[in-house]
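Some notes on the structure that comes next.
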Amino acid sequence: MSKRSLPFSLLTLFTSPERAVSIQGDLTEEAQTRGRFWFWSQVLRTTGALCWKGFPRNPFMVAGLTVLGVAAWLLIGVVLVNRIDWAEAMLEARGISIAIRAAPVMLFGGFVAGILMVRIAPVRGIYACVSAVAAMIPFVTLVAIINARPPDSVADFVTQTLIGLTLGLLLLGGSLAMRRGPAKANRA
Amino acid sequence: MTRTHSLGEFEQIALLSILRLSDTAYGVSIRAEIADHTERNVAPGALYTTLGRLEDKGFVTSRLGDPTPERGGRAKRYYQVSKSGLKAVKRAQNAYQNLLTGLELLQGASNV
C-alpha cells in the first residue's frame, strides 16, 4: 500500500491518516467506473471540504498565527535584505536587481513561515497557512491589476510570478511540516 | 445540564442510510443508498465531513474492515449508528411527524 501518494498527502493535511486511507480507498473504488478525472476532482473537493468544515470554531488563534506567519515572512525579508523597499519591490518592481535580490528571500521566507506556523500549532497551523494564502490573494490580485498594463520590464513579470510562487511555498512548507509529525495529532 | 445535539436534515439522511445498510455501511454504499432513495447525488466530501461530525457527536461509530484489491489495498471504514444516534433520529422524526399532524400537506401526495 502506497501511503505516500499525493491524494493521501493532501487528505492527511486535514484528517487523520487512518481516515485518509479509507477515503482514498472509497474514491479509488468509485474511480473504476467514473475515471481518473473524477477521482482527482473529488480528491481536491474532499480536501477542500475537510479543510472548510474542520476550520477551528474559534478563529482568533488561527488569525493570530496567520499574522505571526506573515510577520515572520516579512521579518526574514527585512533581516536578510534590509535595504529592499518591500512596497516598491512588490508594487513597482522598478529594477530587475530588486526582483532578483528579493526572489530567494520571498520564496525562502514563505517556506519557513509555513513550517513555523505548523510547528507552533500542530493542528491549527495548517489552517493558518490556508488563511495566510487566502488573505494574501487579494494583495496578489491588486498587484496584478496595478501591473495589468504591458510589462515595463522583465522585473514586473518576475516579481508577480514570485509573489504567486511564495503563496505556494507557504503551503508547501506547512504541508511538509505536517507530514513530519503533526498530522498524527489530527483527530483519530 | 446535559447537552443534546440536534440533527440537521442531511445528518438524518446519513443516519437513516446507515441504518438501512446495517453492517455494510461505508462511504461508497452510503452515497449509493442516498442516491437511490433521495435522488440526491451527494459529493463525497460532504458525506465524509457529515460522518465525521456525527462521530464527534457520538451518533455513529466506525471500524476498519479488511483491505481489498479493488480499493488499491485500502480498508473500508464501516459505520454503525450508536444508541444515542438512534434516539436522536427517532426524536427528530417524531418532531417532524408532530408538526405534520393536522396539516393536509401530504394528502394526495401519492397522486403527484
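Of note:
- Near pairs, Cβ below 7 angstrom, 6+ apart or cross-chain, from the stretch B:92-103 (of a type outside the set (Lys, Arg)) to any residue that is surrounded by 11 or more Cβ atoms within 10 Å (Cβ to Cβ): B:92/B:7; B:92/B:12
- Test for residue B:36: is it under 25 Å from residue A:52 (Cα atoms) and either at the interface with chain A (Cβ under 9 Å from one of its Cβ atoms) or loosely packed, with under 14 Cβ neighbours inside 10 Å (or both): no
- Scan of the stretch A:12-25 for residues that are acidic (Asp, Glu) and either more than 10 Å from chain B (Cβ to nearest Cβ) or in contact with a Phe, Trp or Tyr (Cβ under 7 Å, 6 or more places away or on another chain) (or both), ordered by number: none
- The numbered conditions (1) within 14 Å of residue B:85 (Cβ to Cβ); (2) of a type in the set (Val, Ile, Thr); (3) more than 9 Å from every other protein chain (Cβ to nearest Cβ); (4) open to solvent by less than 10 Å² (accessible area, probe 1.4 Å) are all true for residue B:50 except (3).
- Filter result for residue B:88 (of a type outside the set (Lys, Arg), over 20 Å from residue A:18 (Cα atoms), within 10 Å of chain A (Cβ to nearest Cβ) and surrounded by 13 or more Cβ atoms within 10 Å (Cβ to Cβ)): no
- Residue B:27 satisfies every condition listed in (1) farther than 20 Å from residue B:90 by Cβ; (2) away from chain A (no Cβ under 14 Å); (3) open to solvent by less than 10 Å² (accessible area, probe 1.4 Å) except (2).
- Number of the exception - residue A:148 against (1) touching a Lys or Arg at 6+ places or on another chain (Cβ under 8 Å); (2) modelled with pLDDT under 65: (1)
- Filter result (part of a helix (DSSP H, G or I), in contact with a Pro (Cβ under 9 Å, 6 or more places away or on another chain) and open to solvent by 30 Å² or more (accessible area, probe 1.4 Å)) within the stretch A:3-43: A:28, A:40
- Count of the stretch B:53-85 residues, restricted to those that are open to solvent by less than 30 Å² (accessible area, probe 1.4 Å), over 17 Å from residue A:53 (Cβ atoms) and in a helix (DSSP H, G or I), is 2.
- Every residue from the stretch B:32-46 that is assigned to a helix (DSSP H, G or I), free of Cβ contacts under 8 Å to residues at least 24 places away in the same chain and closer than 17 Å to residue A:41 by Cα: B:44, B:45
- Just one residue in the set A:95, A:77, A:69 is surrounded by 15 or more Cβ atoms within 10 Å (Cβ to Cβ), at pLDDT below 75 and either more than 14 Å from chain B (Cβ to nearest Cβ) or closer than 27 Å to residue A:136 by Cβ (or both); that residue is A:77.
- Matching residues in the stretch A:36-61 - criterion: being more than 10 Å from chain B (Cβ to nearest Cβ) and modelled with pLDDT under 90: A:55, A:56, A:57, A:58, A:59, A:60, A:61
The values are calculated or read from the model by the stated rules, or taken from the named source; none is laboratory data. If you're wondering where the values come from, they're calculated on a predicted model, not measured in any experiment. With ideal geometry, Cβ positions are generated from the backbone for all residues, glycine too; neighbour counts draw on all protein chains shown. Just so you know, the surface numbers come from the protein's heavy atoms only, side chains and all, with ligands and any DNA or RNA stripped out. Shrake-Rupley method; radii C 1.70, N 1.55, O 1.52, S 1.80 Å.
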